[in-house]
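Read-outs: derived from the displayed coordinates by stated rules, not from any lab. As the structure is a computational prediction, the values presented were derived from the model and not from experiment.
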Amino acid sequence: MVKNKIFDLEHQYQLYLQRVGLKEKNMHPTQRTETKRAFIGACGQMLVLLRDNLGALEENKAVEAMQDMINQTITYFMKETNKLN
């Protein structure tokens with residue numbers, strides 16, 4: 001099977017680490033393990049959600065639902081960033 005890198009979860013994990021400013025080599029081993037577990041677990045949950053629920057919606061409703069989830073993510077991280085400042 002030819003694997004497109006964009007759909008490889010390890011690749012996505014590395015992109016996530018870059019996005020949040022983490023480097024595995026600088027992380028405590030427990031942090032590395034738990035961060036990756038949380039990331040892969042969240043990916044799995046989202047994949048099931050997309051397959052079972054989002055895929056069942058009409059296209060325009062699916063697009064709206066996706067945008068709403070993106071907005072929720074942005075809002076969460078904006079609040080977290082403000083907590084740090």
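A few comments on the model shown:
- For Lys79, the lysines whose Cα falls under 26 Å of its own Cα, not counting residues fewer than eight places away in the same chain, are Lys23, Lys36.
- Aspartates and glutamates with Cα under 15 Å of Lys25, excluding same-chain neighbours fewer than 8 positions away: Glu34
- Taking a ≥ b ≥ c as the square roots of the eigenvalues of the alpha-carbon gyration tensor, the chain is classed oblate because a/c is 1.5 or more while a/b is no larger than b/c.
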